[in-house]
Each structure stands twice: as C-alpha cells, then as structure tokens.
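Presented below is the structure to which this report refers.
The values are calculated or read from the model by the stated rules, or taken from the named source; none is laboratory data. Model, not experiment: these values are computed from the prediction. Every residue, glycine as well, gets a Cβ built from its backbone with ideal geometry; the counts of neighbours run over all protein chains shown.
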Amino acid sequence: MLELDNIVKAFGGFRAVDGCTFSVNKGEILGLVGPNGAGKTTLFGVIAGALQPTSGTIRFLGEDVTHLSTDALFHKGLVRTFQIPHEFHRLTVLENLMMVPPNQPGENLFANWLAWGKVRACEEEVRARAVETLAFLELTHVTEERAGNLSGGQKKLLELGRTMMTDAKLVLLDEPAAGVNRTLLRKLEEKIQILNRERGYTFILIEHDMEMIEKLCQPVVCMAEGKVLIQGDFHTVRSDPRVLEAYLGEPAGAEREQAQHDPHIEEVREQELHKEDL
Amino acid sequence: MELIGLANYAIFMGILIGIYALLALGLNIQWGLTGLFNAGIAGFFAVGAYASAIITSPHVAGRVGGFELPIVVGWMGAIVFAGLIAWPIGKVCLRFRSDYLAIATIGVAEIIRLVIKSEDWLTGSSRGITGIPRPFGELDYVASQLAYLGLVIAAVAVVYFLLERQLKSPWGRMMRAIRDNEAAAAAMGKQIEARRLQAFIFGAAVMGLAGALFVHFNRSITPEAIDPMIATFLIWIMLILGGSGNNRGAILGAIVIWLLWSVSEMITDRLPTDVALQAKYIRIFVVGLALQLVLRFRPEGILPEEQARQTAR
C-alpha cells in the first residue's frame, strides 16, 4: 500500500531521516518505534507531504506521490494526526469534525448564495456523521465545547475522530497515547482496533508505549539515527540487541545483561517521555 | 447648535459610519475569519473610490474617463477592480505570515497612493476627479443626505447578510479552521493558499464598495481625501474593539469609534482657539484609551466571535 524507498531528509548537514526503506501492506497496523530523535516524526512529515524529502521515493497505492502536497495526499486517502494536538481551538468540537469531509458544496463561495438547498442537505449528512463519530469516541458531552478547552487526552481522541470523518485508507498516528491516561488509553487502543478491523483502515503508529505497540502492532519497525534498525514482530524487535543499544546506549559487558530486562527499558522510556513533556 | 444642524450632522455621521462599517466588514473577512493581517486597507478603499469615479464622471481633457456610466455600474466596477487588484497582491504577499504580510500590505497601499498621486492620465493626480454624480443629488440638501444615508444602510445590510451566510456556511468554518491551525487544515485536505487568496479578494472587494460609496458621497476625490490614519488604522481599531470574527461586532466598532473620534473633535473645537489646536490630538488618545479598556476587560472585543455556530438550521 505504501512503499518507502531510501528516503533521506536532511536539514542542512543533519540527516534526520537517513535512507529509510520499508513498506506497509493493506490492513496492517505498523508500529514505528525508536528513541527520541530517531527521525520518526520527520519521516511522518515526509510521508504526509508536509516536508519534501531530500531524496528517495514514496509510492502510495502504486502511484508515485513523493512530491504531492499534504492536501492532495488527503484526497488520495492518506491522513495524518499530530504529536502535539493540532485542534482548531476556536471551533467547537463538532465543527472540528464537520470541517473535515472533502468537497463539501458549502466550501464554494458562491454555492452559499446560489445553491443553499444543496449546501444544507450536505450539512445534514456531515452533521450526522460527526455526531456518530463523537458517540463512537464517547465525546458527545463536549460536542458544543470549544476544542481549545478540551483536555490533552480528549484532543488526542478528537485528532483520531478527524481521521474518521473521511474515507481514509492509510492513517498516520503520531504518538496517540502521549499524555493520555491509562483508562482512556485502553479506549483508544480499542478504537484503533475497531477502525482497523471494521473500516479497513491501515495504520502507521508512532508510539513510546510498548504495551500499546505489543497489543496493536504487527509488524514493528525500529528506527535509530534516521535509519531503520530492524523490522519484524514485536518480540523479535524488542529482544534485538541493536534495539536495546539504540535505547540504552553502548552496552558493556555486565550492563548489557541487565539492560535486557524490561523494567529498565520502561524506566528509560518514562524518563524520555518526561523530558519531552518538559 | 440648533436642532436642525444637529440632525444634519447626525445624518452626515451616519453615512460615514456606514462606509467605515463596510471597511470593517471587509477587514473582518480577512482578519477575523482568515487571520490575514492586511495593513493596506486604504489602498483597496482608494482603488474602489477611483474606479467608480473614473467610470461615472464626465470627460476631462488629458485623463481617461468621461464614460458617464450609471452609478450602479460604477459601484460594480469598484467591487471588481478592488478585487482584481487584490489578486496579484495576494498572490505575492500571502506567502508571508502575519507581521510580514502587514509590512507588505502597507507597502502596497503606499504604492497605490503614489500611483494615484502621480499618474495624471488616470487619476488627475493632485487635482483629483470632480463632478462625480451622486445618487439623489438633485434633491434638496436634507432630503438628499437622508436618501444617501438610506442607500448606505441598505448597502451595509446587504453586505452583512451575505457575509453572515458565508460565515455560518462550511466555507466560513473552513476559513476559521485555516486561521486556527494551518498545518492541520492542510492535513485535512484544505488548499490553504487558494483559500486565503479567496478571502483576501473577497475582503478587498467589500473595501472597494466602501470606496465607491465614499466617492459618490463627496462628489469628488483627491489623493489627500484618503487618509491611512482613518482608512487603515482606525478601521483596525473598529474591528478589534467591536470584536473580530463577529460581523455585528465590526459594525458596532465602527459606530463606537467614529462617534468617539468625531464627538471628541466637536468638544475640543469649543475650547479657546489656542488650546483647541493642541487639544485636537486628544482624540487619538481617547480612541487609544477606549481600545486599551476594551482589551483589558473584554479581550475578544465587545461582541466576541460567536461560539457554536450552527449552519443550515
């Protein structure tokens, strides 16, 4: 469905993404992991058309989309969310969803004066879909709230909700679990699974929460310093020495033994997450 | 001041308020709805004014014009020309963000002012254009003023109605989304550049109409008649104080600021002459103070952007 071939993104002399090659098949939830600064979000920006790759090609549904803009990719069914929620803060939650569907007749300046009936009919459909989406996300109680007033976790759900307002084929989720409490997190996992199974969405998921990755993702790709370290199922990736090295630094003898225990990885991850919050 | 004079003055003020309300409404499309910092309002106002003047005025040797077309055509022309001139300007300037856009548009307004001042064949340069017809101009003074006020109010009402519909339509929702978060709007498939340009042209066209109303009211126009202090700076204050993002706020802002602006002049004019000259500047202070107070106690303006706009109900 999506094929990345030797993607490089350099900022000046710094190669944030340094020759990434992997592909995503239809129906998969691909987990993208790696320490902070591995280039995951930059790679997302490149896939979604927000950043132009320095070199390499991206093919989506068999078509070369390397140089397409973000809005053009959206129309092809590739939708992204953001690591830091990008809600439309002065719009209501309902409006945040209702603005998403493409090609609404009411987006034409003149249709609003000349074809009001058509605009209204479409609005009713869009509204119904938005209301349904909010019910699915259990956000109905904040329908009329300004999106800027939502909690961090609710904004994350809203980001996911926006991807449900269009007929997306591939959804890029950038750390949907960051800053979301445990209960909401389980809910989020469940929603992603439903979308994957029932609506046939394919996902790429950047996440630091290993539980979530373990539960949802197959395969998992681990990146470090702009490169793909390894691709495989969760357990293969987790126990690969190169991955541990990337997370914990150069292993040396006895330390390496210890490093293979999960709690340590968890701890380091927590610290990293904490740093990010700051 | 006797009663009749006061009434006349009120009508005169009403007409000007209507014209400035149109400018504020135009700016509301650009800033309130789309977040475009246009600091060159006076430029589009001038383009509208001169366009209508040239289309409707009698022939003068050495200057294009003498078309003497009906006033309605002049107004249409003002709308079209202001919109047309906004197109290349928007194409170039809208690549800039906020403060850079402001600087670019100030520059553009200044270019327009200089062109008007120096292109004799087009605008009559500093002599300006005279003999511009005025609707209901053949009536006696009070009736004519009243009729013109009616016309201005009608124009504001029509523009208000059209804008409200846009604001509450999916188009308005999309524009506000672009304003709130450009990256996310692009990720949701909206064509940011094209839409921003659309709003810029739309706003400029409304400003052009205001220019046309202004020029037919005065029956003549010179480069000095359009003061950026009023046509740009004061309009911004009107919108910010009234409440950007809210069309009624824009109109209310125009009323409040123009009353403060002119009434304070009326009061200072009554002072002894030597003081009066200096006291005149107090109105800039008064307007500034009003803005400070409103922003302190109602940061989103007197009438803030409405929440939960519901379309198609």
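Of the helices (runs of 4 or more DSSP H) lying entirely inside segment A:15-114, those carrying at least 3 residues that are touching a residue at least 60 places away in the same chain (Cβ under 8 Å) and under 30 Å from B:Gly245 (Cβ atoms) are A:93-98. Taken together, B:Phe233, B:Phe200, B:Phe214 contain a single residue that is within 16 Å of the chain's Cα centre (by Cα), within 14 Å of chain A (Cβ to nearest Cβ) and either part of a helix (DSSP H, G or I) or under 20 Å from A:Gly106 (Cα atoms) (or both), which is B:Phe200.
In segment B:100-114 there is at least one residue matching the filter, namely being buried (at least 22 other Cβ atoms within 10 Å of the Cβ), assigned to a helix (DSSP H, G or I) and in contact with a Pro (Cβ under 8 Å, 6 or more places away or on another chain).
Of all the listed residues (B:Pro228, B:Pro223, B:Pro272), the sole one being surrounded by fewer than 18 Cβ atoms within 10 Å (Cβ to Cβ), farther than 30 Å from A:His89 by Cα and more than 14 Å from chain A (Cβ to nearest Cβ) is B:Pro272. On the given criteria, is A:Val142 touching a helix residue (DSSP H, G or I) at 6+ places or on another chain (Cβ under 6 Å) and either surrounded by 19 or more Cβ atoms within 10 Å (Cβ to Cβ) or more than 19 Å from B:Lys190 (Cα to Cα) (or both)? Here the answer is yes, as A:Val142 does meet what is asked.
For (1) in contact (Cβ under 8 Å) with a residue 12 or more places away in the chain; (2) crowded, with 18+ Cβ neighbours inside 10 Å, each residue gets a yes or a no:
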residue	(1), (2)
B:Tyr9	no, no
B:Phe12	yes, no
B:Leu16	yes, yes
B:Gly26	yes, yes
B:Gln30	yes, yes
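Within the set A:Val221, A:Val228, the sole residue that is within 17 Å of A:Pro35 (Cβ to Cβ) and out of contact with any helix residue (DSSP H, G or I) (no Cβ under 9 Å at 6 or more places or on another chain) turns out to be A:Val228. Is it the case that B:Ala39 is among the small types (Gly, Ala, Ser), touching a Ser or Thr at 6+ places or on another chain (Cβ under 7 Å) and within 17 Å of B:Leu241 (Cα to Cα)? It is true that B:Ala39 is among the small types (Gly, Ala, Ser), touching a Ser or Thr at 6+ places or on another chain (Cβ under 7 Å) and within 17 Å of B:Leu241 (Cα to Cα). Of the residues examined, B:Glu305 is one that is of a type outside the set (A, V, I, L, M, F, W, C) and either within 17 Å of the chain's Cα centre (by Cα) or part of a loop (DSSP other than H, G, I, E, B) (or both).
Within segment A:136-158, the set of residues being in contact with a Lys or Arg (Cβ under 9 Å, 6 or more places away or on another chain), within 13 Å of another protein chain (Cβ to nearest Cβ) and in a helix (DSSP H, G or I) comprises A:Ala147, A:Gly148.
Just to check your reading of the model, which residue among B:Gly74, B:Gly65, B:Gly107 is touching a residue at least 24 places away in the same chain (Cβ under 8 Å), of a type in the set (Gly, Ala, Ser) and farther than 30 Å from B:Leu259 by Cα?
Result of the check over B:Gly74, B:Gly65, B:Gly107: B:Gly65.
Applying the condition of being among the hydrophobic types (A, V, I, L, M, F, W, C) and within 22 Å of the chain's Cα centre (by Cα) to segment B:108-129 and asking which residue is farthest from B:Ile54 (Cα to Cα) yields B:Val108. For residues in segment B:165-190 being more than 7 Å from chain A (Cβ to nearest Cβ) and more than 16 Å from A:Phe110 (Cβ to Cβ), which is surrounded by the fewest Cβ atoms within 10 Å (Cβ to Cβ)? Across segment B:165-190, the extreme among qualifying residues is B:Glu182. Whenever a residue of segment B:295-313 is under 22 Å from B:Ala24 (Cα atoms) and facing chain A (nearest Cβ under 9 Å), its partners that are at pLDDT 50 or above and assigned to a loop (DSSP other than H, G, I, E, B), lying with C-beta atoms within less than 8 angstrom and at least six residues away or across chains, give the pairs B:Glu305/A:Arg90; B:Glu305/B:Gly243; B:Glu305/B:Ser244; B:Glu305/B:Gly245; B:Glu305/B:Asn246; B:Gln307/A:Glu144.
A single entry from A:Phe88, A:Phe110, A:Phe74 fulfils the requirement of being under 28 Å from A:Ile213 (Cα atoms) and either within 12 Å of chain B (Cβ to nearest Cβ) or of a type in the set (Phe, Trp, Tyr) (or both): A:Phe74.
Considering only segment A:11-33, I want to know if a residue exists there that is buried (at least 23 other Cβ atoms within 10 Å of the Cβ), touching a Phe, Trp or Tyr at 6+ places or on another chain (Cβ under 9 Å) and of a type in the set (Gly, Ala, Ser). For segment A:11-33, residues buried (at least 23 other Cβ atoms within 10 Å of the Cβ), touching a Phe, Trp or Tyr at 6+ places or on another chain (Cβ under 9 Å) and of a type in the set (Gly, Ala, Ser): present.
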